[in-house]
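Participant: Right, I'll just put the structure down here and ask away after.
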Amino acid sequence: MNPPLFLFQLSPAAAGYNAKVLADHGFNLDQIITKQHPSQISYGSEFRDPALLEELLDQHPFWSHLCNILSNGASFPLNDISPEDRENDLIFHANRGNHQSAIKNNNVL
């Protein structure tokens with residue numbers, strides 16, 4: 001495994017260092033992650049190597065799709081929303097208030 005370029009510390013020095021890493025790569029997180037492969041932040045690093053899972057899962061109808069996600073990461077395309085819709089959404093959620101489970105379990109929270 002290659003060591004990750006980022007520092008995983010809660011400090012102003014680490015924040016500055018990580019900001020420089022991002023700036024040096026044009027704020028292209030995908031480029032940074034790909035460049036460090038294999039490392040702890042590589043796409044799919046939190047999962048088993050697909051080669052180890054293939055014998056178990058290769059007959060599954062979505063195995064090729066899952067293998068691709070494990071190897072290259074997943075994308076979740078989102079549509080932009082207008083500033084008006086965003087504002088309306090914020091107002092709606094502010095008016096709705098806390099989720100009922102938060103109110104029922106206030107002592108836990």
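The values are calculated or read from the model by the stated rules, or taken from the named source; none is laboratory data. Predicted model, so just to flag it, every value in this text is computed and none were measured. Note that we place each Cβ from the backbone using ideal geometry, even for glycine, and neighbour counts take in every protein chain shown.
To keep it simple, each residue is scored yes or no on (1) acidic (Asp, Glu); (2) modelled with pLDDT under 85; (3) out of contact with any Asp or Glu (no Cβ under 8 Å at 6 or more places or on another chain).
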| position | (1), (2), (3) |
| --- | --- |
| Tyr17 | no, no, yes |
| Lys35 | no, no, yes |
| Ser39 | no, no, yes |
| Ser42 | no, yes, yes |
| Ala51 | no, no, yes |
| Trp63 | no, no, no |
| Pro77 | no, yes, yes |
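Participant: Considering only the stretch 65-90, state which residues are exposed (fewer than 10 other Cβ atoms within 10 Å of the Cβ), closer than 30 Å to Thr34 by Cβ and either of a type in the set (Gly, Ala, Ser) or touching a Phe, Trp or Tyr at 6+ places or on another chain (Cβ under 8 Å) (or both). Spell out how you get there, then give the answer.
Facilitator: As a first pass, look at the stretch 65-90 and keep what is exposed (fewer than 10 other Cβ atoms within 10 Å of the Cβ): 75-80, 82-84.
From what's left, closer than 30 Å to Thr34 by Cβ: 75-80.
Across the stretch 65-90, the qualifying residue is only Ser75.
Participant: Still on this model: Tyr43 versus (1) surrounded by 13 or more Cβ atoms within 10 Å (Cβ to Cβ); (2) part of a helix (DSSP H, G or I): which is the lone unmet condition?
Facilitator: Answer for Tyr43: the failing condition is (2).
Participant: Between Leu53, Leu90, which is touching a residue at least 12 places away in the same chain (Cβ under 8 Å), farther than 27 Å from His25 by Cβ and assigned to a helix (DSSP H, G or I)? Don't jump to the end; show me each part of the working.
Facilitator: Numbers: Leu90 fails: touching a residue at least 12 places away in the same chain (Cβ under 8 Å).
Within the list Leu53, Leu90, the selection yields Leu53.
Participant: Phe27 versus (1) over 18 Å from the mean Cα position of the chain (by Cα); (2) modelled with pLDDT of 90 or more: which is the lone unmet condition?
Facilitator: (1)
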